[in-house]
Amino acid sequence: MKTMRMKTLFALVLVAGSMALTLAATAASAPDARRGKLHVIKDCTGKTGDPGSFCVVTSSDLPEIVVGSKVFYFQSPIPSTGLQDSNIVLDAGNGNRAAGRCTLDLTTFLALCTFSEGTGTFVGFHARINGSPGTDRSNYRWEGTYHFTRQGNQ
């Protein structure tokens, strides 16, 4: 009888230990998700439409998008379509960059921009942003949502 209790106790300890290891491994690999809304104002007086032209961030409520960050556009507008559809890079300096795409209506200046990944502080960064003009080219607005999906070991 004593042997049976010892075997049962040993089996319970073994199962509990295995469960604890599984939970610890799952917690270590679970994504560190952060999400919210973002509001950015950019000065686009320097954006000429030529590849490599850019806007400069003048206000941001997302710490990773620091004031002074540049948003580079790599494709020129196509006037016959009324659109500029361009790869973009948000460069916050020191290797902190997010890669994405923007489509801009050349008549209304309304835009849809998406980001799908990045480097440095933008690892795991995803965003969907609606762009709209302010009163002039120095206060173009980005309003949208973002989330980070970083792995615990990054």
Could you check region 66-107 and list, in sequence order, the residues that are assigned to a loop (DSSP other than H, G, I, E, B) and within 16 Å of residue 130 (Cα to Cα)?
106, 107
Cross-chain or 6+ apart pairs with Cβ under 6 Å, region 57-78 first and under 16 Å from residue 120 (Cα atoms), then small (Gly, Ala, Ser):
66/92; 69/92
When every residue in region 124-154 that is under 18 Å from residue 69 (Cβ atoms) and open to solvent by 40 Å² or more (accessible area, probe 1.4 Å) is compared, the one modelled with the lowest pLDDT is 137
How many residues does region 36-65 contain that are in a strand (DSSP E or B) and surrounded by 12 or more Cβ atoms within 10 Å (Cβ to Cβ)?
13
Taking region 103-123 only, how many residues are within 15 Å of residue 69 (Cα to Cα) and touching an Asp or Glu at 6+ places or on another chain (Cβ under 7 Å)?
2
Of the conditions (1) buried (at least 18 other Cβ atoms within 10 Å of the Cβ); (2) closer than 22 Å to residue 36 by Cβ, residue 84 clears all except one; give me its number.
(2)
Answer yes or no: is there a residue in region 11-32 that is in a strand (DSSP E or B), at pLDDT below 95 and open to solvent by 60 Å² or more (accessible area, probe 1.4 Å).
yes
Is there a residue in region 1-10 that is modelled with pLDDT under 95, over 19 Å from residue 105 (Cβ atoms), in a loop (DSSP other than H, G, I, E, B) and open to solvent by 80 Å² or more (accessible area, probe 1.4 Å)?
yes
Of (1) more than 17 Å from residue 35 (Cβ to Cβ); (2) open to solvent by less than 50 Å² (accessible area, probe 1.4 Å), residue 101 fails just (2)
Restricting the search to region 108-118, which residues are of a type in the set (Gly, Ala, Ser) and either part of a loop (DSSP other than H, G, I, E, B) or open to solvent by less than 50 Å² (accessible area, probe 1.4 Å) (or both)?
111, 118
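The values are calculated or read from the model by the stated rules, or taken from the named source; none is laboratory data. Since we're looking at a predicted model, the values are computed, not measured. With ideal geometry, Cβ positions are generated from the backbone for all residues, glycine too; neighbour counts draw on all protein chains shown. To get the accessible areas, we keep the full protein, side chains included, count just its heavy atoms, and leave off ligands, DNA and RNA. Shrake-Rupley method; radii C 1.70, N 1.55, O 1.52, S 1.80 Å.
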